[in-house]
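Have a look at the structure below, then the notes.
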Amino acid sequence: MSVTCIVLIKGLVLIGILFLSAAYMTLCERVLMARMQLRLGPNRVGPFGLLQPIADGLKLLTKERFQPDNIEIFTYWLAPAISLFIALAVFMLIPFGDPIEIFGQTITLWIANVNVGLVFLLALTSLAVYGVVLAGWSSNNRYSLLGGLRGTAQMISYEIPMGLSLLTVVLLAGTLNLSEIVAAQKDHWFIWTNPLSFIIYIITAFAETNRAPFDLPEAEQELTGGYHTEYGGMKFALFFLAEYVNILAVSALAVTLFLGGWYGPGNIPILWFFLKVACVVFFFMWVRATLPRFRYDQLMSFGWKVLIPLATVNLLLTSYLVLR
């Protein structure tokens with residue numbers, strides 16, 4: 001089988017897994033939040049409510065289509081596609097395990113293995129904000145525009161400490177290649193070597209994915225729905241799907257860079273990788289069910305006055321310890 005066919009098959013399988021995972025993440029989140037807040041979650045559609053994501057998808061697919069007057073039509077339709085495409089593209093660089101042998105052919109468990117993979121991945125994630133800001137600008141709605149501008153300012157503010165925290169991983173591993181970073185954690189995970197970098201990364205990941213308590217670009221009490229106020233049906237579903245795929249992406253990146261990737265007891269590397277990702281995703285859901293939303297001035301102050309100085313000091317200290 002040609003290399004092109006193998007890459008195409010791996011890409012299609014990965015997209016299918018991500019779509020299915022994102023759909024059932026919505027169910028898991030609703031059930032977990034219900035249990036944490038002492039109420040009933042979705043339990044009517046199918047046994048134990050397991051068909052609820054399918055019912056939600058059918059509802060969104062069959063909803064009446066609408067769009068506001070006097071919008072920038074091309075950009076309005078392009079914005080949700082950009083958000084979902086960038087969220088999916090991140091996974092082409094994330095390794096899931098060591099190469100395996102299938103029918104006498106060696107199959108790598110990643111789409112692309114780039115020497116500067118971490119830099120390329122950060123460049124991709126920085127493009128995700130275009131979907132948010134273009135949706136807000138093109139919708140001809142002041143609330144949507146404010147949501148888009150909030151998303152832009154939030155992304156710029158929190159990408160700086162995220163990048164600084166990930167530079168410590170590069171210093172510890174001595175490489176930008178994600179597979180080699182995982183290999184460098186075979187004996188000890190970087191979360192134990194530099195826990196502060198992991199904490200900073202997780203906090204910034206909440207802001208990057210617009211998740212509570214940093215979901216200011218949506219903020220329904222203030223902005224009605226923020227950047228996606230004027231989107232409904234499947235256009236809204238694309239934004240919704242992109243948010244959950246983004247959560248999977250930042251969780252998978254956390255596992256790759258700080259939690260030893262696929263390494264664990266026994267000979268089940270892929271299973272260990274997905275179990276670690278599930279634990280990080282659970283933490284995202286737990287925080288959403290627990291913490292209230294920040295005020296916008298608190299969000300910006302925390303990013304610029306706390307996280308950036310803290311990440312800078314952490315980077316300098318790590319550099320000193322590595323080079324000593």
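The values are calculated or read from the model by the stated rules, or taken from the named source; none is laboratory data. In this text the structure is predicted, and so the values were computed from the model without any measurement. Quick reminder, even Gly has a Cβ in these numbers, built from the backbone with ideal geometry, and neighbours come from all protein chains shown.
A compact table of results
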read-out	value
Selection count, the stretch 81-136, where residues are more than 23 Å from residue 277 (Cβ to Cβ) and touching a strand residue (DSSP E or B) at 6+ places or on another chain (Cβ under 8 Å)	2
Qualifying positions in the stretch 24-67 - without any contact (Cβ under 8 Å) to a residue 40 or more places away in the chain, of a type in the set (A, V, I, L, M), within 16 Å of residue 240 (Cβ to Cβ) and surrounded by fewer than 17 Cβ atoms within 10 Å (Cβ to Cβ)	54, 55, 58
Selection count, the stretch 219-253, where residues are polar (S, T, N, Q) and either crowded, with 22+ Cβ neighbours inside 10 Å or modelled with pLDDT of 85 or more (or both)	3
Residues (farther than 11 Å from residue 182 by Cβ, modelled with pLDDT under 95 and either of a type in the set (Asp, Glu) or assigned to a helix (DSSP H, G or I) (or both)) located in the stretch 254-272	270, 271, 272
Scope the stretch 95-126; condition of a type in the set (Ser, Thr, Tyr) and either modelled with pLDDT of 85 or more or outside any loop (DSSP other than H, G, I, E, B) (or both); matching residues	106, 125, 126
Matching residues, the stretch 97-148, being buried (at least 19 other Cβ atoms within 10 Å of the Cβ) and polar (S, T, N, Q)	125, 138, 139, 141, 144
Residue satisfying condition, being closer than 14 Å to residue 136 by Cβ and of a type in the set (Gly, Ala, Ser), within set 242, 212, 205, 219	219
Selection count where residues are without any contact (Cβ under 8 Å) to a residue 24 or more places away in the chain and farther than 14 Å from residue 127 by Cα, scope the stretch 75-102	4
Residues of the stretch 156-189 classified as of a type in the set (Phe, Trp, Tyr) and either over 26 Å from residue 264 (Cα atoms) or modelled with pLDDT of 95 or more (or both), total	1
In the stretch 184-218, residue surrounded by the most Cβ atoms within 10 Å (Cβ to Cβ) [restricted to those that are farther than 20 Å from residue 308 by Cβ and without any contact (Cβ under 8 Å) to a residue 60 or more places away in the chain]	184
Listing of helices (runs of 4 or more DSSP H) fully contained in the stretch 144-242 that carry 3 or more residues being within 21 Å of residue 124 (Cβ to Cβ) and among the small types (Gly, Ala, Ser)	195-208
